[in-house]
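Computed from the coordinates by the stated procedures, all read-outs in this text should not be read as laboratory data. Note that the coordinates shown come from a computational prediction; the quantities given were computed from them, not determined experimentally. Because the Cβ atoms are built from the backbone with ideal geometry, glycine has one as well, and the counts that use them run over all protein chains shown.
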Amino acid sequence: MRVVVLHDGNDLAEWRTHARALLADGLLPSDVQWQVGEIAGLLPADASPADDKPAVKTGTVPREFLSLADTVLAHADARRHAVLYRLLWRMTHGERHVLGIASDDDVAWCEQAAKAVRRDMHKMKAFVRFREVKQLEGSVFIAWFEPSHAILSRVAPFFVRRFAGMHWSILTPARSVHWDGQTLTFGAGAQKGDAPNEDALEALWLTYFANVFNPARLKVQAMKNEMPVRYWKNLPEAVLIPGLIRDATARMDAMVQSAPTTPKKHIPAPVERIAMSLPDGSIDALRRQAQQCRACPLWEPATQTVFGEGRDDARVMVIGEQPGDQEDLAGRPFVGPAGQLFDRALAQAGIARDALYITNTVKHFKFEPRGKRRLHARANAQEQAACRPWLLAEIERVAPKAIVCLGAMAAQAIFGRSFRLLEQRGQWIDLDDGTRAFATVHPSYLLRLPDERARHEATAHFVRDLSMLCEVMT
Amino acid sequence: MKLSDKLAILADAAKYDASCSSSGGQKRDSLKTGGIGSNEGMGICHAYAPDGRCISLLKILLTNFCIYDCAYCINRRTSNVQRARFTVAEVVQLTMDFYRRNYIEGLFLSSGIIQSSDYTMEMLVQVARSLRVEHRFGGYIHLKTIPDASPELLAEAGRWADRLSINVEMPTEGGLKALAPEKDLRDIRRAMGRLRLGIEEAKSDKKAPRFAPAGQSTQMIVGADASSDRDVLSSSTNLYANYNLKRVYYSAFSPIPDASKALPLRPPPLVREHRLYQADWLMRFYGFNVEEIAPANDSGMLDLDVDPKMAWALRHRGQFPVDLNHAPKEMLLRVPGLGVRTVQRLIGMRAHRKLRYTDLVKLRVPMRKVAPFVATIDHRPRGDSESSALRHLDASLHDPVPRQADLFGH
């Protein structure tokens, strides 16, 4: 049996030095007794670990173990050193992967201990309550806190990051820590009486606590689970809890039973927004009316109607297929990836986007939700038909000289269902009303081409098609 | 009016908003600025009220004067509630004073609508700007956003705030029309769309100005209208997909002093809200969809007696028992009583050896709930465990007031 006396029972480096020496000596976990503090009579022989002995190659342990050990050592349980050594022994004696066995007794014990330490740290960050002490050279904020484990040095950096611009101290029974705006210093333990016992601002905090509580939903156990009663003695707001609980039911009943009242004081209702006028012939009136369209079910899951935009006297109208994710959010056509490609192609063809009127065949985004994403879906024939009056009205109001259809859906809406895009693209066709029109591919088709060279060629072809517009632009 | 009286009124006025999160967003600390305030990505609940709700942020209204008349709201213009209004400076001072004493993680500021949407939004932005610029405040700021405020104000709000939110209020458009006549669901959705675009633009371009790095969230009131749980969850599914929300909060309609005639007399059972949160969790982290949780052929309401995962398992007895040694992760996640962490552990252990019954015991899973649904090399559930027994079991396993699991922070 060897007795190991640790000077600081929470220090990883010290435990590790001893543990290495024990391993090197081949000491079985059952042959080691761990103690903390200086115990008379035992010191001389065992206090200095076997630094001089040559390190016996015992194999490396996973980094994961060191970080677990570091946390477990902050725990108050006196068995921690022994359990950790036993785990170390097992890892270096044939059970290399024991940490992966979450149900192993030693592993489970350590995980539980580490969890308790982390929870204590988290609760310290939450429940420290500073009280202000005004001094000539400025205020100091002092808190009294009683952690369950040796966590002060682990949590102190959090308070530095948070309250760098403040002078503060946290006093605990075992140690204290102080920040003067520059350096962090640790000192001896303290008593509750060493911290200030009041702060004028606490009255406001109590007012807040009492009023943010909703008596109609009493859940005392839920509160106690997260704010265990043992912390209450150092939480100023906790004095209110019994009274709030006691009166809650009566307050709730009073609310339920009281009859509705008539308003005593009159607050004027908001001024109605500019009344929706009937379409007066302008494209803006159409656009407003289209926001309310419910002619097919696509409106419901979508954000908004994506109506056409651009000059209402444009010489050229561009008709795409249907809005996508980005268009649905922005409420504007051709702003997503395909729209950006379209903008680049227009620029190459020497055409200014703001000289055009740009719209879509279908004016709502159709999609399938997949978690936090939306998968594009093609509008069916009924949905296309439901949207047709809007498209016809846009053409009528803008009265363009030329129309370009991007993609098969748009082309078929203008030229009829027998239109074949790949055979007839890039050919001017005269419409009944005297407008000239042609069709080309939709820019999203270019985005989908997997082969870079094919994409490059197809894009050049697309730009050539668009260039046909130049003759009607002026 | 004294500051403490204003605080009492304007905290009371704000408490019906369930959101309390202070998580996510940009990491920052006060060491560089010499000010105060940090954000480490994980929210901290500094206190809990006896309603079981966490107090993380100073949650107040700038004013509870309001020109709207939403029936469910204590601050509607026809309510006789006492009115108050903070100045911008008062809110800033209160936030700093509370923060220095470590009472809070930051500020959640909302407001009744006064004068106009832009006027009100400008006030909220002023508070955030003053905290960030004049006081070098690095704590969390969540601003409630007014749907039809101007895009410039929205952009500035996003620059100072960690999170922005707009409440959809009701699960269906009909419900909103009936109870909040001045609000327009289409306005709300358009504003959420703008927020998502702003958030994504700021994320994708490092040079773009900061915009609500902790994302956006929303709240739905449950039980004030006739919407079913299926309506509620369908609406959430749509909102998560459309606007990439961090959270949808469900707030069981709660009786308010001086209630409107348009409201039901009694609140819905609190457990309904709890079941909705469980269902929301299952949809986001366990691979379930609305159809599975609230099937169309039913009443559309979740079972109040058993949690939605147990309810699904009882409807699909044929898919159990699940062999813990061979089933894929997706199926392990569907076993009642097994959470995400336990499933990770089981999969980690499977790499080294076969799983036994005692492994589950050691992992401290709720055995009576799990055992009827799983098989290990030394365990198979005996015959058909009657559904009714399992239903009672589930009810008895929960503490009387179920609480929401806190796996991922808030």
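Brief remarks on what is shown
- Measuring between alpha carbons in the structure, the pairs from A:Lys125/B:Lys32; A:Lys372/B:Lys32; A:Lys372/B:Lys207; A:Lys123/B:Lys59; A:Lys372/B:Lys329; B:Lys6/B:Lys261 lying more than 29 angstrom apart are A:Lys372/B:Lys32.
- Taken over the C-alpha atoms, region B:30-148 has Rg and Dmax values of 15.3, 49 angstrom.
- Cβ crowding within 10 Å averaged over residues, with A:433-443, A:354-364, B:62-72 ranked highest first: A:354-364, B:62-72, A:433-443
- Over the C-alpha atoms of the protein assembly as shown, the Rg to Rh ratio, Rh being the Kirkwood estimate, stands at 1.02.
- Theoretical FRET efficiency, 1/(1+(r/R0)^6), r = Cβ-Cβ of A:Gln191 and A:Arg373, R0 60 Å, to 0.05: 0.55
- Exercise: per-residue mean of other protein chain Cβ atoms within 10 Å, A:293-302: 2
- Given charges at beta-carbon only (K, R positive; D, E negative), |dipole| of region B:33-141 in Debye: 140 debye
- Volume in Å³ per residue [convex hull over Cα atoms, computed for chain A]: 341 Å³
- Most positive-pole-ward Cα, A:Leu421, A:Ser467, A:Leu375, against dipole of region A:315-474 from beta carbon charges: A:Leu375
- Residue by residue along A:372-378, Cβ atoms of other protein chains within 10 Å of the local Cβ number 2 on average.
- Mean Cβ count within 10 Å, highest first, over the residues of peptides A:168-174, A:454-460, B:139-145: B:139-145, A:168-174, A:454-460
- Local net charge near B:Arg334, Cβ-Cβ under 14 Å (Lys/Arg +1, Asp/Glu -1): +1
- Relative contact order of region A:261-416, defined on C-alpha pairs under 8 angstrom at six or more residues apart (%): 29 percent
- Dipole magnitude (debye, nearest 20) for chain B, charges at Cβ of Lys, Arg, Asp, Glu: 1300 debye
- Rounded to whole numbers, the Karplus 3J(HN,Hα) couplings from phi for region B:278-288 are 4, 5, 4, 4, 4, 6, 8, 10, 10, x, 8 Hz, using 6.51 cos²θ - 1.76 cosθ + 1.60 with θ = phi - 60°, and x at Gly and Pro.
- In this structure, the amide hydrogen of A:Trp34, modeled 1.01 Å from its nitrogen in the peptide plane, lies closer than 5 angstrom to those of A:Val4, counting only residues at least 5 positions away or on a different chain.
- Along its principal axes, region A:382-474 has C-alpha extents of 40, 37, 21 angstrom, given from the largest down.
- Average partner coverage of A:198-210, which counts Cβ from other chains inside 10 Å: 5
- Cα→Cβ-extended label distance, 7 Å offset, between A:Ser148 and A:Asp31, nm: 3.7 nm
- Normalised contact order of chain A, rounded percent, pairs of Cα under 8 Å and 6 or more residues apart: 8 percent
- For chain B, average projected area of the Cα convex hull in nm²: 22.2 nm²
- A straight Cα-to-Cα reach below 30 Å connects A:Lys366 with the lysines B:Lys144, B:Lys177, B:Lys183, B:Lys203, B:Lys246, residues fewer than 8 places away in its own chain not being considered.
- Approximate spin-label separation A:Asp247-A:Thr183, in nm, with each point projected 7 Å along Cα-to-Cβ: 5.1 nm
- Relative packing of B:19-25, A:376-382, which averages over residues the other C-beta atoms within 10 Å, highest first: B:19-25, A:376-382
- Karplus-derived 3J(HN,Hα), 6.51/-1.76/1.60, for each residue of region A:326-341, Hz, glycine and proline x: 5, 5, 4, 6, 7, x, 10, x, 6, 10, x, x, 5, x, 5, 5
- Calculated FRET efficiency for the pair B:Glu134/A:Arg311, C-beta based, R₀ 56 Å, to 0.05: 0.80
- With neighbours defined as other Cβ atoms within 10 Å of a residue's Cβ, the residues A:Arg63, B:Arg353 order from fewest to most as A:Arg63, B:Arg353.
- Region B:3-268: relative contact order in percent, alpha carbon pairs under 8 Å with at least 6 residues between: 19 percent
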